[in-house]
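Presented below is the structure to which this report refers.
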Amino acid sequence: MSLNINQFLLENGFDLKTNPCVSPDFCLDWNRCQESVRRGSLIEFAKSRIDLSADNRLVLIEDDYGDHAWKLSGEPNPEFLENGVTIDGALYFPASYRNLVQLKNRILEADPSCTVFPGASGELGRKTLGIGARFTTLHWPAVEWAMSKLGIGITANQNSVPRELVYDVDAMLKGQLESVPFPFIGTDVPEGHQGQSIEGMSHGAILSKLKTGFHLNRIPWSFNADHQPIGGKFDEREDRLVEGCLFASYITFDLSPELAITIVPESSSARSEYLGREVPAEILSSVRSRVDGLGLGLEREAFESLACLVWPAIRKMKSRDEKYTAIRNKNFTTPEGRAYLRELSIDELPGLTTPETTAVMLAFCEAMEMPVDFVAPAFGFQKNAPYPDNQKLRQLIGAQWEICSRCGVSIGFHSGSGKSETNYRIMGQSTDSHLEIKTSGRYTYEMGVALAQSSDPNDQALWQDWYAFTKELAIQGAFAEDETERNAAREFILASLSDESESHRVFENAAFCKSILDTLDPSPDHMLFFEYNFLYVLAAQGSADKSALGDHGPDGYQQRSRFYSISDEARLAYSKRVASYIIFLAETTGLASESIASAAIQKLNGYQSYFELLDDIVSDGGL
């Protein structure tokens, strides 16, 4: 309970109401929390109840500072978790990350089929939607509501680690995070640009399901540690990545770092010699036989070229996979608690993925006793844009599905936000709905819409500042020396102009460009807002200066707290929009029927308050 990150948050006046999921713990000050319990200054979440036995019930409580604790009633057991205290006849334990590990074992030992924690059961390994949390966790209740009303489990939390989430809070505090290049912005931004940690997100996602009572629906859900980088510069810190992803029930292995640096021997004889030296003969024979059985007619030289390309990455994937298994076996006591899904991601490499590449990689995974549930080929998707050729899309998916269906693997569609209704229907039809659509950027946009339409003055102030930030980044970029940054910014600006009469002059100089953009009414539908919006959440003091982006100091987290201070009016509007989009995705891809989706939309539209939506996540209050 004395983590350095907790001290950092407390010393800078932050609490868990406005800066959750940064610390792995959900109790920053246990002594203060105990005093709140003694005064009765707390919220007890009745729907969070977990009946461990006929004699013991566990519920979650929260104090005025957002610190949480577990209240154990019934037969006393002070060893149930760590640091317990007795207050008014009940035992209380801090909601620490260490206690969360032990709690998972206690609960799953008592009820292996419970859905408090992210898991890998049901259809999660075959049919799902990936709901990314690219900038805050405020969408979680909407995701829980949508799962409840559709009656399906989905990947309810998904983040790229370490690109989006802080993989090590101590490294963050020491200023030792690596940076991520953003060519369209013309700068590198520190990893974890959302500000939250992987452990904190794991903890918060679980507590959210308990507060709303979602777990009482008994619907399984998963947590995807997305784009786990394999090889390259990430080798030296893979142990910490593995440790941070302990609660993830779904791992995406991103092989692109290693594939990008792999050099395939030039001659046929050199390739044959390499494979004979590096790959166990029984594995190579098994892969060759499996690929031949898929009917691709892959010639020996082509097969050996592909095998040379993928083997170093596959070998490192196997090593990483063994570490994910080992840490779960070490910390968790039940098969359900140890299980996790696998996705093989090869979509980050340039060009389209061929069926032959997919076949060889899946065959290697099988031969290495590392079967995957999803594979993500590259289809040429652009983020937040429809695929322009539906016939070609159907052909590309069909060619991949020929391989995947025969290998028992579903297709993962990355960069899945913003596709057309027809695109989504083709994805569902072409795979018999054995797919995952990964979405993330859409939910940042939906927050912009909710704030822009809010009547609350603080919401409006946040919206105006947010839009101004994106406009400033666009103007800076439009006159940057870097060609990639300049071209991207000008594209975003031109797409945002409703009146094209000045488009030929808008880039005469920065002042004139600003004068033109200042005539626009701020809108979340402007491309310049859509493309730059995610960087505002951790921009120090809301500044568009490149040095302010991804700030993990007090100024960055003060900025982040603004989003967690929005009104209930904005929260309701945001939740409605997020839930509506999930319903749309589920219906168009065939994960939910039209009648169920229609009924869910009708119910969603009827809510007049945020409390109504929260209260309806579990039927009849779950009581």
Hey, can you grab everything whose amide H is under 5 Å from the amide H of Gly412? Only 5+ residues off in sequence or another chain; H modelled, so Pro and N-termini drop out.
Val375, Ala376, Glu436
For Arg394 and Ser503, extending 7 Å from Cα along the Cα-Cβ vector and measuring point to point gives, in nm, a value of 3.1 nm
Packing-ranked peptide list from 483-496, 89-102, 145-158, highest mean Cβ count within 10 angstrom first, is 145-158, 89-102, 483-496
Mean Cβ neighbour count within 10 Å, used as a protection proxy, ranking 538-545, 306-313 highest first
306-313, 538-545
Express in nm, to one decimal, how much length is gained between Gln464 and Tyr564 on full extension, taking 0.36 nm for each residue of separation and deducting their alpha carbon distance.
34.4 nm
Once both labels are modelled 7 Å past Cα along the beta-carbon direction, what's the Ile43-Phe611 spacing in nm?
1.1 nm
By average C-beta atoms within 10 angstrom, highest first, the peptides 43-56, 106-119:
106-119, 43-56
Mind putting a number on the dipole of the chain about its Cα centre? Charges go on the C-beta only, +1 for Lys and Arg and -1 for Asp and Glu, and I need it in Debye to the nearest 20.
1080 debye
Can you tell me the FRET efficiency between Asp188 and Ala326 if r is taken as the Cβ-Cβ distance and R0 is 41 Å, rounded to the nearest 0.05?
0.80
So for region 1-72, averaging the separation of alpha carbon pairs under 8 Å that are six or more residues apart and normalising by length, what relative contact order in percent results?
29 percent
Work out the P(r) tail for region 346-485: percent of alpha carbon pairs separated by more than 17 Å, whole number.
68 percent
Over the chain, what is the relative contact order in percent, taking alpha-carbon pairs closer than 8 angstrom and at least six residues apart?
16 percent
What whole-number value in Å² describes the accessible area per residue of region 350-502 for a 1.4 Å probe?
40 Å²
Just to verify a number: FRET efficiency for Asp432 and Asp111, C-beta to C-beta distance, R0 = 56 Å, to 0.05?
0.95
Going by Cα centres, region 464-526 and region 323-397 are how many Å apart?
37 Å
So for the chain, using the alpha carbon gyration tensor with a ≥ b ≥ c as root eigenvalues (a/c under 1.5 gives rounded; past that, a/b versus b/c decides prolate or oblate), I'd call it oblate
Nitroxide proxy distance, nm - points 7 Å out along Cα→Cβ at Leu520 and Arg32:
4.2 nm
Among all helices in the chain defined by DSSP H, which have a length of 27 Å or more along the axis from Cα atoms plus a Kyte-Doolittle mean of at least -1.0?
300-331, 457-478, 568-588
If R0 = 56 Å, then Glu273 and Gln7, at their Cβ-Cβ distance, give a FRET efficiency to the nearest 0.05 of 0.50
On the accessible surface of region 4-144, probed at 1.4 Å with all protein chains in place, carbon and sulfur together account for a percent value of 43 percent
Considering only C-alpha atoms, what is the centroid distance from region 82-104 to region 134-203, in Å?
27 Å
Which sequence of Asp615, Asp226, Asp568 reflects their accessible areas, 1.4 Å probe, from the largest down?
Asp568, Asp615, Asp226
Using modelled amide H (1.01 Å from N, peptide plane; none on Pro or chain starts), what sits under 5 Å from the amide H of Gly132, excluding residues fewer than 5 places away?
Thr439, Ser440
Accessible area in square angstrom per residue, region 1-131, 1.4 angstrom probe
41 Å²
Based on Cβ point charges of +1 for Lys and Arg and -1 for Asp and Glu, what charge dipole magnitude is obtained for region 224-330 about its Cα centre, in debye rounded to the nearest 20?
320 debye
How do Arg240, Arg300, Arg315 rank by accessible surface area computed with a 1.4 Å probe, from largest to smallest?
Arg300, Arg315, Arg240
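The values are calculated or read from the model by the stated rules, or taken from the named source; none is laboratory data. It should be emphasised that the depicted structure is a prediction, and the values quoted were computed from it without experimental measurement. Every residue, glycine as well, gets a Cβ built from its backbone with ideal geometry; the counts of neighbours run over all protein chains shown. Keep in mind that these areas ignore ligands, DNA and RNA; they rest on the heavy atoms of the full protein, side chains included. Shrake-Rupley method; radii C 1.70, N 1.55, O 1.52, S 1.80 Å.
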